[in-house]
Amino acid sequence: MRELSGDLRHLSINSATARNQLTLPAFIEACARRGIPAIDPWRDQVHAVGLTQVARHVKDAGLALTGYCRGGFFPAVDAAGLRAALEDNRRAVDEAKALGASCLVLVAGALPGALCGTPAHRNIGLARTQVMDGIAATLDYARSLSVPLAIEPLHPMQAADRACINTLEQALDICDALDPSRSGALGVALDVYHTWWDPKLTAQIARAGRERLLAYHVCDWLVPTRDLVNDRGMMGDGIIELKKIRSLLERAGYAGYVEVEIFSQAWWTRPADELLDTCVARYQTVV
């Protein structure tokens, strides 16, 4: 395993981790000041500032982008909705290209309307078919711009409203169907929060290999978890075997960044300096 305690060269911070404390420009500056070499910004935060301005901030700070969050949410109730989703994903690819992101992270989407509390239907099989079709269509465009797509499987607790792709195995099945040559154009973003529980995780990480492992996100799973989305733990505060999972990825050939992504109402109330300094300390000791 790589030794992380000596420096921060493999550390990335997802901008959602400090979204309540810092604007995106302030977040970029805070990371650069600490010697954190990479970030992963969210689209809404980029749009709030402006794509050109963010690209300039990132370049001036000398930061790499370990991803761009997010594309996806492909399922819809009608043809117009499906077209709108594809158009939005093309825009996301364009933005990822303009920013120089290493990949566009895809959160698949699930039952249309479920995120607002009113699902249009219960047919998760249809949703999964629409996800496959949407990724296939987006892949052609993303490939033309050399922007890899990273499918992020989400925990089954979010299967109805956020992502009907819920295991690494499912995500890799899509990759193998749409990119059988393992070209590097399509892979996965593995988030420990969503995948730590999976009894097939070891085998599926080995199956993914270097070509499919495009991004790696870390946080922790708290016991108890009080909110399905916004109660992630700081690394070391929960029960995920962080070093074990990283060892599996690195054994499979992953040599990329370790990206901290924490959605936490508790941490969002703390000062930004405390939050970021704790991320750095835990990255060096428990990840």
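Each reported figure results from applying straightforward, stated rules to the coordinates on display, with no laboratory input. Remember, predicted model here, so these are calculated numbers, not experimental data. Glycine also receives a Cβ, built like all others from the backbone with ideal geometry; neighbour counts cover every protein chain displayed.
Please give the residues of segment 13-57, grouped as numeric ranges, whose backbone N is less than 17 Å from a label point set 7 Å along the Cα-to-Cβ vector of Asp273.
Counting only backbone N, you get 21-23, 26-36.
Roughly how tilted is helix 168-178, in degrees to the nearest 10 and between 0 and 90, from the longest Cα axis of the chain?
60 degrees
List the residues whose amide H sits under 5 Å from the amide H of Val258, counting only those 5 or more places along or on another chain, with H placed 1.01 Å from N in the peptide plane.
Leu11, Ser12
Please work out whether segment 108-207 counts as rounded, prolate or oblate from its C-alpha gyration tensor, where a ≥ b ≥ c are the square roots of the eigenvalues and a/c under 1.5 means rounded, while otherwise a/b larger than b/c means prolate and anything else oblate?
oblate
Amide H neighbours of Ala64 under 5 Å, at least 5 residues apart or on other chains, H built in the peptide plane: list them.
So Ala64 has HN proximity to Ala38, Ile39.
Starting from 0.36 nm per residue, how many nanometres of slack lie between Val286 and Arg207 once their C-alpha separation is accounted for?
Gain in length upon complete extension: 25.9 nm.
Need one number: the % of Cα-Cα pairs in the chain sitting beyond the 27 Å mark.
36 percent
Over all alpha-carbon pairs in segment 132-287, figure out the percentage whose distance exceeds 19 Å.
Summing the P(r) of segment 132-287 above 19 Å gives 55 percent of all pairs.
Helix 79-99 versus the longest principal axis of the chain: what is the Cα-based angle in degrees, 0 to 90, to the nearest 10?
So the helix axis and the longest Cα principal axis differ by about 30 degrees.
Which lysines have a Cα lying under 21 Å from the Cα of Lys200, excluding residues fewer than 8 positions away in the same chain?
Partners found: Lys243, Lys244.
For the chain, build the charge dipole from Cβ charges (+1 Lys, Arg; -1 Asp, Glu) around the Cα centre, then report which of Leu213, Leu22, Ala255 sits farthest towards its positive end.
Ala255
Return the FRET efficiency for the residue pair Ile239, Ala136: r is the Cβ-Cβ distance, R0 is 45 Å, and the value is rounded to the nearest 0.05. List each step's numbers first, then the result.
Working: r = 37 Å, r/R0 = 0.82.
Given R0 = 45 Å and the Cβ-Cβ separation, E is 0.75.
Which lysines have a Cα less than 30 Å from the Cα of Lys97, not counting those fewer than 8 places away in the same chain?
Once the sequence-local lysines are set aside, what remains near Lys97 is Lys59.
If R0 is 22 Å, what FRET efficiency do you get for Trp197 and Ser247 from their C-beta distance, rounded to 0.05?
0.80
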